[in-house]
Amino acid sequence: MKVAYWPGCVSRGFTPELHGSMAQVAPLLDIELVELDRANCCGAGVIAEHSQELADTLNARTFALAQQVPGADLMMNICSTCQGAQSECQERLDANAEYRGRVNETLKASGSPEYSEGVINKNFLWVLVEDIGLDHLKSLVKRPLTDLKVGPFYGCYIVRPTDRLGIDAENPRDTYLAQVIEALGGTVIDYAGSHKCCGFPIITMSKEASLKQAGTHLGDAVDAEADCLVTPCPLCHLNLDLQQPLAERAVGRELNMPVLHLPQLVGLALGLTPKEIGLQRHVVKATSVIDWSEAVVAGVGSGGDASGW
Amino acid sequence: MEFTLKIRRYNPESGEAPYWDEHTVELEPHRSVLEGILQAKATTDGSIGVRCSCRAAICGSCGVRINGQPGLACHTHLDSALAGSRDGVITVEPMGNMPVIRDLIVDMDAVHWKKIQRVTPWLINKEPIPEREYIVPRESMIDVTQTAACIQCGACVSDCLSMEVDPLFVGPAALAKAYRFVGDPRDAKHEQRLKDLTHDEHGIYACTHCFKCIEACPKGVAPMSQIMRLRRIAGEDHGINDRNNGHRHEQAFVSLVRDNGLLWEAELLPRSYGGDSWFGKFAPPAGLELVASLPAITTALLRRKVTITGALKPHKLPSADLASVKKIYDIVEGRDQRDELNLYITGTDADNAEHPVAATEGTPAP
C-alpha cells in the first residue's frame, strides 16, 4: 500500500530512532512511504491552546498536502500526539462546511492547497491492524517475540475521546497494541498505567507531577514483570525513556524499564537487528530486549527466562 | 435477562480490607446499572451502600465507576455495561480520587466540593448594579451554557490523572466552573479570577491534557476544553505569566513553529523557562533547569539520541512552504475577533440538516 507519510517533528528531532525504524520496517510490510516533507507541525494541542483557528488551518494544510499525493490510500502518522491533535482539528473542519470554507480561504491566500473533507489519517498502529491485518502481520514474523513480556503504553491522544478517534465495538482501537504484541508472538502485560498519561505535557509546567506520572506507570510495569514497554507516541517515549533517570528519583525506586517505539517492536519480530532499529540510542539500555533477541538468534531462547529479569 | 454485578464493598470503620461480592439481578437490558444495584440491595443484601436520588441523570448523585470507567449508574444501560465488561461480569466501584465513606459512596465534601468552593463559584456583580436586570449579548450566554450544564457528579474528578499525582490540583470540575464566570460578561472579576488560577501552581497550568475528563463527563461539559479556554484568555487577552511557565511555553512553541514550520525541541525547552527569544536560554531559570536535566541530557548525547548539531540547528521547512505557514499566521493572528468553533454549541452540519442554526459563534475578545 502507498501512504502519505507524516512523521511529525519529534521523530526527526529527539527520537531519531523512531523515524529510522519506521523506514526500515515499511518495506518489510510492503508500505510505500511518501513523506510529507512540506507539511508543518501539528501544534500538539499547544497551538490550539493559543488559537484554535490557527491549529485548524495549519493541520488543514497538512491534510490538503496529503490529499495531493497521487495514488495514496491514506495519510499515516507515527505519533499518537499528532493523531490526537490532528483528529481534533479534523473533527471541526469536517463538521461544518462554512467554517471549512473560511479555513480554505486562508489556505488559498497563503498559496497552499485547499482541504476537502474526509481525509483518512491513521496512526501506524491502526494501519497495522485495519489495513495490513493481524493475520498477514503474523505471516511476516521471522522471529516471534516468544517469552518477551511487553506492556502496552498508548498515550492519551490516541485513546481519548473515544468518539472523536473512532473507537467502538467494531474498531476497538484502544486494544490494538495488545493485539499487535500477541500477533508478533509476545506476551501482553496488563498493568495499571497502560492507558494513562505519561506526564509529558506538563514536564515544563509541573515537573514533579509529570515525573511522578511517568515513574508510577513504569513502576507498575516493573511490578507486573514486564521486560519492556511499547508505545506509538514519541512524546510518551521522551517522558518514559529520556526522563526515566529523573522519574526514578521522583518515585524513589530503581526502574530500568526499556521503552520501545512501535516500529521497533515490529521490526524485531520481522527479523531486524537491535542496531538496525536503533535500540542503542535509548537512554534506558534495552538490555532485556537485546539479550532476548540474541538468545533467540542463538537458538536457546525457547525455555526459561531468556529476558534476564 | 440476567446480569451479574460485581460490587466493591468497603466499610472504613470496620477495620477490614475492601472486598468484592457478586449479585445476579433479573432486569430488561435497557434498564440502568443503578436499577441493578437497587435490586440487589432490595432482594439479596440490604447493606450495600449507594447514593442516588433522581434516577434521571439530573441530580448527579450516583457517580460510580462501571468496568473501570466513571459515569452515572442511572445513565448507563445494563446491556451497554455488559458489552464493556470483562468475562460477562459488570464491575461497579466507587469513584476515584476521593475517600470512600462506604461501598459506592465517596466523600464528595472532602474533595469535590472543597475544590468547587476554591474557585469562588458565584457571580461577582459589576458595579453599579443596574436597577433592572443586566442586558447581555445572547452569544455570550450561549458560550457559558456548556459549563453551566455541569451536574456536579464528580465523574471527571474521579479519573483526573493530574489529581492522581497532585491532590492539590484544582481539578476539572472546579476549573470548568471557573470558566462559567470568566466567560460571563456580568462578572466583574475576570482578571482576578484568572490571576488566582495562574499564580496557583496547582491551577490551570497543572492540567496534563489527558482528555480523561472529556471522556468521563456524562453531560458534554468537556472540562479540559474549558481549561484550555481559560489559558487562552489568561495568556492572550490578559497577558498573565503564570508560575508554571505555561504561557511562556505556549508562546515559545507558537513562535518556533512560525519561524521554522516544525518544532525545534532543543530550543523550546530553554525558552519555556527563560522566555520566548533566542536569549531565553541564557536567563537564570533556563540555566537552573539545564543543570537539573543534566542526567537525561548527558545520556541522550552519549547515546547519540541527540547530537550537538541537531540540538543547535532546527529542522526547517523549504522556504516556499515556510512562507505559506507565515502567511497563515499573519491572517489568523491579524483578526480582530477569535474564530472559535464550538461544536457543542453549533452542532455538526449533519445534526443541523433538519433544523439549521447560525453556524458559528465567535467568542468576542475583550
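Every read-out reported here was derived from the displayed coordinates using simple, explicitly stated rules and does not represent laboratory data. Since this is a predicted model, take the numbers as computed values, not measurements. As a convention, Cβ positions derive from the backbone with ideal geometry for all residues, glycine included, and neighbour counts pool all protein chains shown.
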If contacts are Cα pairs under 8 angstrom and at least 6 residues apart, what is the relative contact order of chain B in percent? 11
Relative contact order of segment B:2-106, pairs being alpha-carbon contacts under 8 Å that are 6 or more residues apart, as %: 33
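For segment A:134-297, rounded, prolate or oblate, judged on the Cα gyration tensor with a ≥ b ≥ c (square roots of eigenvalues), a/c < 1.5 rounded, else prolate if a/b > b/c? Can you show the working numbers first?
Working: a/c = 1.95, a/b = 1.19, b/c = 1.64.
The shape class here is oblate.
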About its Cα centre, how strong a charge dipole does segment B:241-301 have in debye, to the nearest 20, once Lys and Arg get +1 and Asp and Glu get -1 at the Cβ? 80
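For segment B:2-106, what proportion of DSSP beta bridges, expressed in % and rounded to the nearest 5, is antiparallel?
Rounded to the nearest five, the antiparallel share is 80 percent.
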Cα centroid separation, segment B:48-121 to segment A:36-58 (Å): 36
Tabulate in residue order the Karplus-calculated ³J(HN,Hα) for segment B:160-171, using 6.51 cos²θ - 1.76 cosθ + 1.60 with θ = phi - 60°, rounded to whole Hz; enter x for Gly and Pro. 5, 7, 6, 5, 4, 9, 9, x, 7, 3, 4, x
As I understand it, the value is the acute angle between the Cα axis of helix B:33-43 and the longest principal axis of the Cα atoms of chain B; what does it come to in degrees, rounded to 10? 30
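By counting other Cβ atoms within 10 Å of each Cβ, how are B:Y344, A:Y157, A:Y176, B:Y10 ranked from fewest to most?
Arranged by neighbour count, lowest to highest, B:Y344, A:Y157, A:Y176, B:Y10 become B:Y344, B:Y10, A:Y176, A:Y157.
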Report, in degrees rounded to the nearest 10, the 0 to 90 angle that the Cα long axis of helix B:246-260 makes with the longest principal axis of chain B. 50
Sorted by chain and then number, the residues having a modelled amide H within less than 5 Å of the amide H of A:M76, at least 5 places away or on another chain, are A:A4, A:Y5, A:W6, A:K122
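Evaluate the charge dipole of chain B about its Cα centre and quote only its size in Debye, nearest 20, assuming +1 on the Cβ of each Lys and Arg and -1 on the Cβ of each Asp and Glu.
Using Cβ point charges on Lys, Arg, Asp and Glu, chain B gives about 1020 debye.
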Proxy reagent accessibility, fewest Cβ within 10 Å first, across B:H355, B:H249, A:H237: B:H355, B:H249, A:H237
Among the lysines in chain A, how many pairs, 8 or more places apart or on different chains, have alpha carbons under 29 Å apart? 27
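Fewest first, what order do B:I142, A:I158 take by the number of other Cβ atoms within 10 Å? Show your work: numbers first, answer last.
On the way: B:I142 15, A:I158 28.
So the residues, fewest neighbours to most, are B:I142, A:I158.
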May I ask which residue of B:F3, B:C156, B:G71 lies farthest towards the positive end of the charge dipole of chain B, with charges of +1 (Lys, Arg) and -1 (Asp, Glu) on Cβ and the Cα centre as origin? B:C156
Which of B:A174, B:A206, B:A286 moves the most in a Gaussian network model of chain B with Cα springs under 10 Å? B:A286
Interchain or sequence-distant (5+) residues whose placed amide H lies within less than 5 Å of the amide H of B:I101 are B:V106, B:D107
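Could you work out the relative contact order of chain A, using alpha carbon pairs under 8 angstrom and six or more residues apart, expressed as a whole percent?
19
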Given +1 on the Cβ of Lys and Arg, -1 on the Cβ of Asp and Glu, and no further charges, what dipole in debye does the protein assembly as shown carry about its Cα centre, rounded to the nearest 20? 1580
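Of the DSSP beta bridges with both residues in the protein assembly as shown, give the percent that are antiparallel, rounding to the nearest 5.
45
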Per-residue ³J(HN,Hα) for segment B:175-189, Karplus 6.51 cos²θ - 1.76 cosθ + 1.60, θ = phi - 60°, Hz, x for Gly and Pro: 6, 5, 4, 4, 5, 3, 9, 5, x, 9, x, 7, 7, 8, 10
Between B:I129 and B:D237, the FRET efficiency computed from the C-beta separation at R0 = 22 Å comes out, to the nearest 0.05, as 0.30
To the nearest 10 degrees, how steeply does helix B:319-333 sit against the main Cα axis of chain B, on a 0 to 90 scale? 60
Calculate the spin-label point distance for B:T120 paired with B:Y19, positioning each point 7 Å from the Cα along the beta-carbon direction, and give it in nanometres. 5.1
Express in whole angstrom the spacing between the alpha-carbon centres of segment B:1-20 and segment B:189-227. 33
Using only alpha carbons, build the gyration tensor for segment A:229-304 and give me the equivalent ellipsoid semi-axes, biggest first, whole Å. 24, 15, 9
Taking Cα atoms only, Rg over Rh for segment B:246-333 with Rh from the Kirkwood formula is 1.03
Counting only Cα, what are the radius of gyration and maximum Cα-Cα distance Dmax of the protein assembly as shown, in Å? 25.2, 88
5 angstrom amide H check on A:E32, placed H, neighbours 5+ away: A:K2, A:V3
The answer for trypsin sites (Lys or Arg not before Pro) in segment A:120-164 that fall in a DSSP coil and have at most 11 neighbouring Cβ atoms within 10 Å is A:K142
Per-residue HN-Hα couplings for segment A:136-150 [Karplus 6.51, -1.76, 1.60; θ = phi - 60°; Hz; x = Gly/Pro]: 5, 4, 4, 5, 8, 5, 9, 9, x, 7, 4, 6, 8, 9, 10
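Considering only DSSP beta bridges with both partners in chain B, what is the antiparallel share in %, to the nearest 5?
Percentage antiparallel, nearest 5: 85.
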Could you tell me which Cys residues in chain B have no other cysteine's Cβ under 4.7 Å from their own Cβ, answering none if every one has a partner? B:C74, B:C150, B:C153, B:C160, B:C207, B:C217
